[in-house]
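Undergrad: This is the structure I want to talk about, given as structure tokens.
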Amino acid sequence: MTEKLPRSVVEPKNPRLNVSRGANLPHVPGIRVGDYIFLSGMGPIDPRTGERNHGPIAEQIRTTLSNMQHMLESAGSSLGRVVRVHVVLADISHMAEMDRVYREFFPVDPPARTAWSMQLRFGNGCEIECVALAN
Amino acid sequence: MRDVIAAPATGLDLRQHYGHHQSPAIRAGGLIFCSGMLPVDPQTGERRHGTLTSEAHVIFGNLKLLLESAGSSLDRLVQVHALIYDSIEYDVLNRVYRQYVANGPPTRTVWAAQIEAGFKVELDVIAAA
Amino acid sequence: MSPRREIIVPAVHAPDTASSFGQAVSTVVRGGDFLFVRGLTAVDPQSGERVRGTTASETRQILTHLKQLLEAAGSSLEKVVKVNVWLHSMLEAPNMNEVYARFFSDPPPARTVCGARLPDGVKVIIECTALA
């Protein structure tokens, strides 16, 4: 008998980070299913204003990962529970700089990661998604 | 432990038609991991190139078939990677996409990627069983 | 009970630090029922050094390494549920597929392949999720 895992929506406590709802897009910020939390790709949105942060890539990565931390904590999880991360960069030459900032957020026992470059919308320098364990 | 979800219609067996070394989907741990779904005719396996809209309709139809054959549904989607050939078609993608996930959409990340055979869109999804 | 998270294989120490295959990435992470393997590139498993080649040879290097990693973790290629492959060019998909087919027995896992910009002239990246 196949187990039917419960499926529920994850939303950030800070509504400015709810891009799905704010822009009326056909997705949700996160889904909890069984032991796992899947998050939609996140970009560098300023949590105070809801505006995009298009500063240097280091700032964009820092903003995005802080937002991801907020999203996970809103779901009762944390960065320490992340198992897989996908980092997409608009510019492949930003890999080293991205890693330098990234390790501030995952200093010990980091998750698995795959990073690559693609065209991104809205002038964003990065888009980051993850899978985490619920608490 | 790991169940293979066979192609519910012969056209969706990309291994047979194109030699792609993959199963249509695998169920494990209460989740269904699907191979990237392409706009191929579910009966014949022929490529259905078209506009992004027409290709997306074929893809969603195929996903519906596949997931329902596995006891799941589009409503049980958890994560989608929406591969599009150019992010300029983002709004077009949303317009068609919306029609299929109205009852509680899943998470999504859009990847502007190079897709096989010159297709404009491909959906890489995970659903709850 | 809280689902278990464990680092099965920690970061690969890569002398090639300019390409940032550095320490902020674990190679195999257990989360609940699954093993999450990082996006692998062609490296020598002992030294962590880049092994440059064709898409086919890099695919072979990666999947040989993946087999070792999974078996050391008590899993196997047969327990892989999903693979994501990134290629520097989709023209190379048949070359990758031909090598790939030799590693994954019937029935193979689910897979998605796409083309993207990869770092440092890397030709292929392969990531997977497997049952622990």
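Undergrad: For chain A, what is one quarter of the convex hull surface built on the Cα atoms, given in nm²?
TA: So the mean shadow area of the Cα hull is 8.7 nm².
Undergrad: Counting Lys and Arg as +1 and Asp and Glu as -1, what is the net charge of the other residues whose Cβ lies under 10 Å from the Cβ of C:Ala24?
TA: Result for the local shell: +1.
Undergrad: Also: Angle between the Cα long axis of helix A:57-74 and the longest principal axis of chain A, 0 to 90 degrees, nearest 10?
TA: So the inclination is approximately 20 degrees.
Undergrad: Next up: Arrange the following residues from fewest to most other Cβ atoms within 10 Å of their Cβ: A:Cys126, B:Cys34.
TA: A:Cys126, B:Cys34
Undergrad: Any idea what the relative contact order of region B:1-120 is, in percent, if you count C-alpha pairs under 8 Å spaced at least 6 apart?
TA: It rounds to 22 percent for region B:1-120.
Undergrad: Moving on. Going down the table (B:Lys64/B:Lys120; A:Lys4/B:Lys64; B:Lys64/C:Lys79; C:Lys67/C:Lys123; A:Lys4/B:Lys120), which pairs top 22 Å between alpha carbons?
TA: Beyond 22 Å between Cα atoms: B:Lys64/C:Lys79; A:Lys4/B:Lys120.
Undergrad: When the Debye formula is applied to the Cα atoms of the protein assembly as shown, each taken as the same point scatterer, what base-10 log of I(q)/I(0) results at q = 0.07, 0.08 Å⁻¹?
TA: Summing over Cα pairs of the protein assembly as shown leads to -0.27, -0.36.
Undergrad: Any idea what Rg and Dmax come out to for chain C if you just take the C-alpha atoms, in Å?
TA: Cα only, chain C: 14.3, 47 Å (Rg, Dmax).
Undergrad: So, one more: How do B:Asp91, C:Asp106, B:Asp13, A:Asp91 line up, fewest other C-beta atoms within 10 Å first?
TA: B:Asp91, C:Asp106, A:Asp91, B:Asp13
Undergrad: Looking only at region C:33-58, which residues have a backbone nitrogen under 12 Å from a spot 7 Å from the Cα of C:Ser89 in the C-beta direction?
TA: Only C:55 pass the distance filter.
Undergrad: Between A:Asp109 and C:Glu71, what FRET efficiency comes out of the Förster formula 1/(1 + (r/R0)^6) with R0 = 35 Å and r the beta carbon distance, rounded to 0.05?
TA: Using R0 = 35 Å, I get an efficiency of 0.95.
Undergrad: Let me ask something additional. Net charge around C:Leu77, counting only other residues with Cβ within less than 12 Å of its Cβ (Lys, Arg = +1; Asp, Glu = -1)?
TA: Local charge sum for C:Leu77: +1.
Undergrad: Largest first and in whole Å, give the semi-axes of region B:2-128's equivalent ellipsoid, each being the square root of 5 times a Cα gyration tensor eigenvalue.
TA: One finds semi-axes of 21, 18, 12 Å for region B:2-128.
Undergrad: Order of B:Met1, C:Met1, B:Met37, A:Met118 from fewest to most other C-beta atoms within 10 Å?
TA: With the fewest neighbours first, B:Met1, C:Met1, B:Met37, A:Met118 line up as C:Met1, B:Met1, A:Met118, B:Met37.
Undergrad: I would also like to ask the following. Provide the FRET efficiency to the nearest 0.05 for the B:Ser69-B:Arg98 pair, computing r from the beta carbons and using R0 = 25 Å.
TA: Computed FRET efficiency for B:Ser69 and B:Arg98: 0.55.
Undergrad: Give me the percent relative contact order of chain C, please, defined on Cα pairs under 8 angstrom at least 6 residues apart.
TA: Once divided by the residue count of chain C, the mean separation gives 29 percent.
Undergrad: Ok, one more. Note down the relative contact order for chain A as a percent, whole number, built from C-alpha pairs under 8 angstrom at least six residues apart.
TA: 29
Undergrad: Still on this model: Could you please report the charge total around A:Leu79, scoring K, R as +1 and D, E as -1 over all other residues with beta-carbon less than 11 angstrom from its beta-carbon?
TA: -2
Undergrad: What is the set of long-range amide H partners of C:Gly48 at a cut-off below 5 Å, with H atoms built 1.01 Å from backbone N?
TA: Answer set, sorted by chain and number: none.
Since every read-out is calculated from the coordinates, none of them should be taken as a lab result. Owing to the predicted nature of the structure, the values given are computational and were not obtained by experimental measurement. Using ideal geometry, Cβ is built from the backbone for each residue, glycine included, and neighbour counts are taken over all protein chains shown.
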